[in-house]
């Protein structure tokens, strides 16, 4: 929450402690609307894009708008170093997930292939898949909910508003659950079936690898993508099974979505924020 709400857009004046984005309520509205609009379009097109990328792109767009169109207290600026670190994490996360999944899959698969009681092994893997799915959901809540509510944190919590960080996280978690229950089927199908085929062991390995990587980055307050982590892990498992098992056309579509997401969100937020500013 602190990274997205306070560390990307800062005041240009060293003596100012105020957050430029927190001064304008319309900035929060524009960011949420822009990021949500692009993610909704991508989900409807069955392209798993990054919510973190979308929100960060929207925050950057509004930071540019505030700094050049409506400067306050000496103006605002984008912390390029912080943005560069976040962008670097978007490259490292899928690579790290792919590496962990590849190593774990290679380690576990021979052991399971030599197992005698296949039914028991499959039951154990099914239980482990559920557990690692819960771990991945936990990591998603710790990272993505914080990203999605970062601007509200800057406006309310950091300025002694009526919401606490825990309450804000709870509201974000409820919204996340509603999204899962109402609009996640297309993404489940895309991630689970359209990249490569997943057996019980690869599902377990992929979920654990993705959750571990997201959890590690969360400890440093870096907004990363659970989507990128999971898809990177799936690709890592697919490499072990053979490159021919990976559906490259779908993978290229996903990669294109990752590249375009922060750019499009930035442009939408800048445009939408300009309209609200005029209104």
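The values are calculated or read from the model by the stated rules, or taken from the named source; none is laboratory data. The structure displayed is predicted, hence computed values, not measured ones. Note that we place each Cβ from the backbone using ideal geometry, even for glycine, and neighbour counts take in every protein chain shown.
So, restricting to helices (runs of 4 or more DSSP H) that lie completely within segment 183-241, which ones have at least 2 residues that are closer than 24 Å to residue 114 by Cα, in contact with a helix residue (DSSP H, G or I) (Cβ under 9 Å, 6 or more places away or on another chain) and modelled with pLDDT of 85 or more? Step through it out loud before you land on a result.
On the way: elements: 185-193, 200-218, 226-241.
Fully inside segment 183-241 and qualifying: 200-218, 226-241.
What number of residues within segment 125-138 satisfy the criterion of being within 14 Å of residue 218 (Cβ to Cβ) and either modelled with pLDDT under 75 or surrounded by fewer than 23 Cβ atoms within 10 Å (Cβ to Cβ) (or both)?
Going through segment 125-138 one residue at a time, the tally reaches 3.
Can you find, within segment 171-215, the residue that is surrounded by the most Cβ atoms within 10 Å (Cβ to Cβ) among those that are closer than 13 Å to residue 142 by Cβ and without any contact (Cβ under 8 Å) to a residue 60 or more places away in the chain?
Selected residue: 172.
Restricting to segment 36-86, count the residues that are assigned to a loop (DSSP other than H, G, I, E, B), modelled with pLDDT of 85 or more and out of contact with any helix residue (DSSP H, G or I) (no Cβ under 6 Å at 6 or more places or on another chain).
Here the count works out to 1.
Checking the structure you have, find out if any residue of segment 13-22 is modelled with pLDDT under 85, crowded, with 23+ Cβ neighbours inside 10 Å and farther than 18 Å from residue 153 by Cα.
no
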